[in-house]
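Undergrad: Right, I'll just put the structure down here and ask away after.
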Amino acid sequence: MTVTLLTGARILGGEPGELAIADGLLVDPATIDRDTAELVDASGLVALPGLVDLHTHLRQPGGEQAETIATGVRAAAAGGYTCVFAMANTTPVADTPAVVEQVHRLGVEAELATVRPIGAVTVGLAGERLADMGMLAGSAARVTVFSDDGHCVADAELMRRALEHAASLDAVIAQHAQDPALTRGSVMHESPLAAELGLTGWPSAAEAAIVARDAMLAEAAGARLHVCHVSTLETVEVVRAAKARGIAITAEVTPHHLLLTEELVRSYDARYKVNPPLRAERDVRALREALADGTIDIVATDHAPHAPEAKQTAFADAAFGMVGLETALGAVQQSMVETGLLDWAGVARVMSTTPAAIGREPGYEAPLAIGSPAHVVLVDPAARGTIEASRLKGRSANSPFLGVELPGRVLHVWHAGRRTVTDAEITEKQVQA
Ligand SMILES: NC(=O)N[C@@H](CC(=O)O)C(=O)O
């Protein structure tokens, strides 16, 4: 059995200390044999718990030209993630035990990170009748998160029933809040810039109105509601009011919405086309503050790989979505840590502990504590690097950060004690003795 001793790392960004890994767990460094242990000098590095992404599109089955589970977990590991929740908008849709069990099995085979399938709320994501949520929850894939992401569960009665059902399963509904009637043909934020560019705008109210409705429905159902990718100031205010009322609502923000604005769309480059759209400066400010004060609970990537053809077209016709697993931590360091809004312990909370708690993924309750599974990330916060397509480990390179310098570098990652990343490269299986 390999015993690994990490020395000198700033634990959760605090004082330098030691971490010891044995048999898949974090153990007391005082109890290991230092003469035989593998030593990792982590001086100057920050130790974080393995990151958990509640919102990843892995595209398999059906979208393998853009990503597979095997390539997606490479991107995840490279970004510091040890667990990703895979969205249900695959082909076929993850609305049957067969599909969620396939995703789960491929995740186990890919090994680099835990893959937790998300189940669809409605059959085929069509928004007409509920998927058999009980079957998905009871399957070998043990689904705990349900989402029609990519589509809003727009019918209030259906959403009500979904919430009631989820409550009985201790599951959560992750809603893609977008009123379809308000966003027909919308491709960017509704603003003077949209008018100037001749592109159809997407009003903030299309998001906030659904969140307000769903919060009321969740309260009545006694259910947990999770709001995907909050993108506007108005939605932040609705979530804040719902929390003040005691409603069991949680919310996520993406790294790109913490850092980028609609101004990028001036280029008509479809890499900047995403759902929900990049918003205005005032929204970015509100999202950062909301993440800092706990109104927004977590950062989730909405990693949405697309093949080049889907993006190399006119802005209005291109697919929505950006890859994000490999740039998330750097974007959060820049937008939240370097601005003084969050410390590293806060980063651990919003990118690991809390997303795991929402998704009912065990093992992340006590970050880096002795006895926990050894999900560990070592980051060099002083490093800076320019994001290059050729260095991304995922299959698609539709990143808004290509050519952009971001701070921080994920150097080493352990998933349940297995080293998945060494010196910023994937630790290949054959290299593992
Ligand atoms: N977030 C995105 O921009 N894209 C998502 C789904 C979606 O449209 O929300 C995708 O699956 O590509």
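The values are calculated or read from the model by the stated rules, or taken from the named source; none is laboratory data. Predicted, not measured: the structure shown is a model, and the values here were computed from it. Quick reminder, even Gly has a Cβ in these numbers, built from the backbone with ideal geometry, and neighbours come from all protein chains shown. What goes into the accessible areas is simple: the full protein's heavy atoms, side chains included, and nothing from ligands, DNA or RNA. Shrake-Rupley method; radii C 1.70, N 1.55, O 1.52, S 1.80 Å.
Undergrad: If you find the alpha carbon centre of the range 1-63 and of the range 364-433, how far apart are they in angstrom?
TA: The range 1-63 and the range 364-433 have Cα centres spaced 11 Å from each other.
Undergrad: Given a 1.4 Å probe and every protein chain left where it sits, what share in percent of the accessible area of the range 1-138 is carbon and sulfur?
TA: Here carbon and sulfur together make up 52 percent of the probe-accessible area.
Undergrad: Using a cut-off of 22 Å between alpha-carbon atoms, which lysines can reach Lys311, once sequence neighbours fewer than 8 places away in the same chain are excluded?
TA: Hits, sequence-local ones excluded: Lys273, Lys393.
Undergrad: Could you tally the net charge around Thr91, taking each other residue with its Cβ under 12 Å from the Cβ of Thr91, Lys/Arg +1 and Asp/Glu -1?
TA: Spelling it out: positives minus negatives among the neighbours equals -1.
Undergrad: What's the local net charge at Val284, with K and R +1, D and E -1, over the other residues with C-beta under 11 Å away?
TA: Within the 11 Å Cβ shell, the charges total -1.
Undergrad: Shifting gears a bit: Any idea what the relative contact order of the range 50-358 is, in percent, if you count C-alpha pairs under 8 Å spaced at least 6 apart?
TA: Across the range 50-358, relative contact order equals 17 percent.
Undergrad: Helix 97-110 versus the longest principal axis of the chain: what angle, 0 to 90°, nearest 10, using Cα atoms?
TA: Taking the Cα atoms of the chain, the angle to 97-110 is about 30 degrees.
Undergrad: Quick check: the angle from helix 156-168's long axis to the longest principal axis of the chain, C-alpha only, nearest 10 degrees?
TA: Approximately 30 degrees, to the nearest ten.
Undergrad: Which whole-number value in Å² is the accessible area per residue of the chain, probe 1.4 Å?
TA: Accessible area per residue, the chain: 36 Å².
Undergrad: Grab the DSSP H runs of the chain that are 4 residues or longer, score each as -39,500 (n - 2.57), total them, divide by all residues and round the 222 nm result to the nearest 500 deg cm²/dmol.
TA: Helix contribution divided over all residues of the chain: -7500 deg cm²/dmol.
Undergrad: For the Cα atoms of the chain, what angle does the longest principal axis make with the long axis of helix 69-78, in degrees from 0 to 90, nearest 10?
TA: That helix lies at roughly 60 degrees to the long axis.
Undergrad: Hey, which aspartates and glutamates would be in cross-link range of Lys429, C-alpha to C-alpha under 16 Å, not counting anything within fewer than 8 residues on its own chain?
TA: Reachable aspartates and glutamates: Glu109, Glu111.
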